[in-house]
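The values are calculated or read from the model by the stated rules, or taken from the named source; none is laboratory data. As the structure is a computational prediction, the values presented were derived from the model and not from experiment. Counting neighbours? That spans all protein chains shown, and the Cβs are built from the backbone with ideal geometry, glycine included. Each accessible area value is taken on the protein alone, full model and side chains, heavy atoms only, with ligands, DNA and RNA left out. Shrake-Rupley method; radii C 1.70, N 1.55, O 1.52, S 1.80 Å.
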Amino acid sequence: MAAVNTMEKKLAEYKCDTNEAIGLKLVRFPEDVDDDGTTFHPEYSHQIFGDDEVAFGYKGLQIQLFYTAGNLSTLFKVKYSSKVTEAFDCVEPDDVEGKIREIVPAGFTCNTDDFISLLEKEANFKPFGTLLHTYTVHNEEAGELTYQIHKADITCPGFQEYHERLQTFLMWFIETASFIDADDDRWDFFLVFEKYNKDGETLYATVGYMTVYNYYVYPDKTRPRVSQMLILPPFQGEGHGAQLLEAVHRFYCGLPKVQDITAEDPSDNYVKLRDYVLVKLCQGLPSFAVDKLHLGFSADMAKEAQEKLKINKKHARRVYEILRLRATDMSDEVKAREYRLEVKKRLFGPYRKNQRELLKMRKCLRPEELVSHMGQMDTQTQHEELEKSYQVVVEDYRRIIERLATQA
């Protein structure tokens, strides 16, 4: 037994956390290759290496996935200080290289010198598609930096191969990511690039992107649905997500055939970002004027948001709640109570649905089954959960209001 435990401990030394082992890099200059400060790591690797996010069979494992900043030409190398087969017979290491090859498209190099030579071709890389929007962000070190948002589709020369390289980042930063069938012409692609200077030339670096699928709506409309959105880690926290989402909304607002814009299984962070962008867009609409907010969510608000900004009723309702909170003196008990009841009225929807289901259950369930379901829908618990939900919502709304104030 002691021998078995000793063996397990020794084998455990050959386990590596794949989130730490994988080093990602967006390379602009040759010196970036050896600069650890430009390396970033995945948030997730379970889709490639399993739920434990562990690779077995190596000590000092390093998986290098380096990309040229613009075209995303790829360097892929696997390094390690020792391998389990050097110490143990009949123990096979994980096929790390094979697992990575499953998601990294062909055409990568494994030679660092060859990769550095590819940097010279970056001057030839130009953003794909049509320019939609240009904006600047102030950087303390570099001053004013210029960014561009482009709309592309699969017919753009070279874009399909570029997209295959770009989408590999999804696996490391979106928990439930999957690759799309980019051959379908109903996909739209929106790309963010940074303009930068190198040896007197203007070059472009990939910042992030969004994919949108255009669903058909009877009889003659479409409903664009955001599928994936990612701002690459070196650029996160700089406002690029909001710029991208607003540019996409403005693009579809100009298309008469668009019914409204939705998102597929949005994350909490995406919902907060969308709330911020939609409030920014709606705050100037007449139906959302301050003197109308205290009257409650109206049909005029839903209609104007849908017709002018392609915002559906559910999202418009959240916009109204945020703008009303901003216009409400919450130190006034009467006004605060009115606001609280207004928000809780919406939040209570799922609980009301539970009550209707309970009435149906009374007719078809045996007494002991009914009791178990009634326990799940206890009124006191409902009130407590409702209050928790309200506090979380208001806290999120306050952050959005604070952000709007800093952008004013």
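Criterion applied to ILE116, ILE100, ILE174, ILE149 was being open to solvent by less than 70 Å² (accessible area, probe 1.4 Å), under 26 Å from the mean Cα position of the chain (by Cα) and not assigned by the TED database to the domain that holds ASP199, and the one residue passing it is ILE100.
For the range 239-254, filtered to residues that are of a type in the set (A, V, I, L, M, F, W, C) and out of contact with any strand residue (DSSP E or B) (no Cβ under 8 Å at 6 or more places or on another chain), the residue that is farthest from LEU191 (Cα to Cα) is CYS253.
Those helices (runs of 4 or more DSSP H) of the range 330-408 in which at least 3 residues are modelled with pLDDT of 60 or more and either under 20 Å from GLY296 (Cβ atoms) or outside the structural domain of GLN283 (by the TED database) (or both), considering only elements entirely within it, cover 333-347, 379-407.
Of the residues making up the range 294-303, just one is touching a Phe, Trp or Tyr at 6+ places or on another chain (Cβ under 8 Å) and assigned to a helix (DSSP H, G or I), namely MET301. Scanning the range 299-308 for residues that are open to solvent by 20 Å² or more (accessible area, probe 1.4 Å) and within 19 Å of TYR276 (Cβ to Cβ) returns a single hit, LYS308. Scan the range 191-204 for residues that are touching a Ser or Thr at 6+ places or on another chain (Cβ under 9 Å) and either touching a residue at least 60 places away in the same chain (Cβ under 8 Å) or not in a strand (DSSP E or B) (or both) and the total you get is 3. Annotation: GLY129 fulfils all but one of (1) closer than 15 Å to LEU203 by Cα; (2) touching a residue at least 60 places away in the same chain (Cβ under 8 Å); (3) surrounded by 14 or more Cβ atoms within 10 Å (Cβ to Cβ); the unmet one is (1). Please find, within the range 180-216, the residue that is nearest to HIS240 (Cα to Cα) out of those that are touching a helix residue (DSSP H, G or I) at 6+ places or on another chain (Cβ under 8 Å) and small (Gly, Ala, Ser). Top of the filtered list is GLY208. Inside the range 309-338, residues that are surrounded by 13 or more Cβ atoms within 10 Å (Cβ to Cβ) and out of contact with any helix residue (DSSP H, G or I) (no Cβ under 9 Å at 6 or more places or on another chain) make up a count of 3.
Could you list all residues from the range 140-173 that are part of a strand (DSSP E or B) and touching a residue at least 60 places away in the same chain (Cβ under 8 Å)? Selection gives TYR147, ILE149, LYS151. Just one of the listed residues (ASP265, ASP291) is touching a residue at least 60 places away in the same chain (Cβ under 8 Å), surrounded by fewer than 17 Cβ atoms within 10 Å (Cβ to Cβ) and either out of contact with any Leu (no Cβ under 7 Å at 6 or more places or on another chain) or closer than 30 Å to PHE40 by Cβ (or both), namely ASP265. Of the residues making up the range 1-48, just one is loosely packed, with under 10 Cβ neighbours inside 10 Å and either in contact (Cβ under 8 Å) with a residue 60 or more places away in the chain or outside any helix (DSSP H, G or I) (or both), namely MET1.
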